[in-house]
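The block underneath contains the structure these notes are about, expressed in structure tokens.
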Amino acid sequence: MSELVLWNLMRGALTARALAIAVDLGLHETLAQPTRIDDDVTYRILRALASDGVFEEVEPRVFRNTDASALLRESGWDDFAHLFGGVWLRAIAELDARSGATFPRVFGDGFWEWLAERPDERAAFDRAMAQGKERRLDRLGGVGWRGDELVVDVGGGNGSFLRLLLDRHPGLRGIVFDLPETVRADVFDERLEFVAGSFFESVPRGDVFLLGTILHDWDDERAAQILRTIRAAADDDARLILLEGVIEPGDEPDGAKWLDLLMLTLFDGRERDEEQWRALLDAGGWRVERIAPGVIEARCR
């Protein structure tokens, strides 16, 4: 068992790269029906992935999707595979015990600047960030709504998440606030608008400010700056809702501890434990009211 743990960790780069190649070739779409694969390299990649249940070799050199590879056909999963096994993998390969963000060193620019110059990659990133939006929406089940609030989704991406929230609560209105190059979904109407800008400079006024996995992209200084920018636009009774992980103590499996290393590699960002979240929010002008799995609620301090 110990050897299996080590082996699965050591081959992680291979699995990420193989999966990225498969989705970039569109094999998760092609193999919706059993298909013969004659190219030798493609066959060997699929054979390896099939050994982990991603595809199934139903007869020699003939493959089809499994439940896992069929999931790649849902919006966002294939984009995550593309990123993890592509540019993110190249940046991760340069991580060492002395460095922070490696992405600028590998690619010659910061991740956000790199995305801004590549519309296709920006679109893939926005789709990946929208993946799992229904589950994230369920995290808000414990949040009480007055029913007529204006919700500002700060760094809200293509708008698909806030659209779901507004559909669930018809009295709410929304603003998606993000960079001008953000690729926007076809979700905007009289209740939901897009406003372009930088959350380091200003954000639109609102009753509730929502940030979905935004602050983990930044170190404490920059994250506190974002929070102060929002506080400056908030009335004293405004609320802040963060959809973020909270690192738990102990050695139980915790995806946030691995995501923390990705944030370090890409942006010098970080995942945070409860104490760190409370300190950060206090520095940004907010008082924590509730911490639940995946959700942090705060009010103006």
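Values for this structure:
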| read-out | value |
| --- | --- |
| GLY147 vs. criteria at positive phi and either assigned to a loop (DSSP other than H, G, I, E, B) or touching a residue at least 12 places away in the same chain (Cβ under 8 Å) (or both) | yes |
| Scope the stretch 265-293; condition without any contact (Cβ under 8 Å) to a residue 12 or more places away in the chain and touching a helix residue (DSSP H, G or I) at 6+ places or on another chain (Cβ under 6 Å); matching residues | VAL288 |
| Unique residue being closer than 28 Å to ALA123 by Cβ and modelled with pLDDT under 95 when the list is GLY255, GLY206, GLY197, GLY212 | GLY255 |
| Lone unmet requirement of (1) modelled with pLDDT of 95 or more; (2) under 27 Å from ARG122 (Cα atoms) for PRO34 | (2) |
| Looking only at the stretch 241-264, and only at residues there that are touching a residue at least 60 places away in the same chain (Cβ under 8 Å) and over 25 Å from GLY12 (Cα atoms), the one that is farthest from the chain's Cα centre (by Cα) | ILE241 |
| Qualifying position, being on the phi < 0 side of the Ramachandran plot and either in a strand (DSSP E or B) or touching a residue at least 12 places away in the same chain (Cβ under 8 Å) (or both), among LEU14, LEU9 | LEU14 |
| Qualifying residue in the stretch 258-281 (condition: assigned to a strand (DSSP E or B), surrounded by fewer than 18 Cβ atoms within 10 Å (Cβ to Cβ) and either among the aromatic types (Phe, Trp, Tyr) or at pLDDT below 95 (or both)) | no |
| Filtered residues of the stretch 185-201 (kept if in contact with a Gly (Cβ under 7 Å, 6 or more places away or on another chain) and over 10 Å from GLY156 (Cα atoms)) | ALA185, VAL187, PHE188, ARG191, LEU192, PHE199 |
| Extreme residue, surrounded by the fewest Cβ atoms within 10 Å (Cβ to Cβ), among residues of the stretch 139-159 that are touching a helix residue (DSSP H, G or I) at 6+ places or on another chain (Cβ under 8 Å) and modelled with pLDDT under 95 | LEU140 |
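The values are calculated or read from the model by the stated rules, or taken from the named source; none is laboratory data. Owing to the predicted nature of the structure, the values given are computational and were not obtained by experimental measurement. Don't worry about glycine lacking a Cβ; one is built from the backbone with ideal geometry, like all the others, and counts go over all protein chains shown.
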